[in-house]
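So the structure is just underneath, and the comments pick up after that.
Quick note: the coordinates plus some simple rules give every number you see, no bench work behind them. Just so it is clear, the model here is predicted, and its values are computed rather than measured. Every residue, glycine among them, receives a Cβ derived from its backbone with ideal geometry; neighbour counts consider all protein chains shown.
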């Protein structure tokens, strides 16, 4: 398994994204073709999604990994809701699918 991203690596990725955004502004000023601008916008979106996934990975390792086993399922659900709330194309997923999903208790006798 790969090592989690360090804060320095995350800052470097964000700096790269910041540079891409400045470049897009210059592209607009110089009236570059829309296709070129949209291509760069999609690259920025991809970069932001990657940083978000890396931050979520850190959260899962640092916060949820230390939680009591009985709390982990709810903390994982909260993390997934947070992620899907902003994920492109996931409209309704966080509210509908995750909340509607029931997890069977680890000990079936505990449910009685």
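Report note on the peptides 37-45, 76-84: ranked by the mean count of other C-beta atoms within 10 Å, highest first, their order is 76-84, 37-45. Legend: ranking of residues 15, 30 from fewest to most surrounding C-beta atoms inside 10 Å; resulting order 30, 15.
What does the convex hull of the alpha-carbon atoms of segment 1-47 project to on average, in nm²?
Numbers: hull surface 14.8 nm².
The directionally averaged projection comes out at 3.7 nm².
When peptides 58-69, 16-27 are sorted by average Cβ neighbour count within 10 Å, with the highest value leading, the order is 16-27, 58-69.
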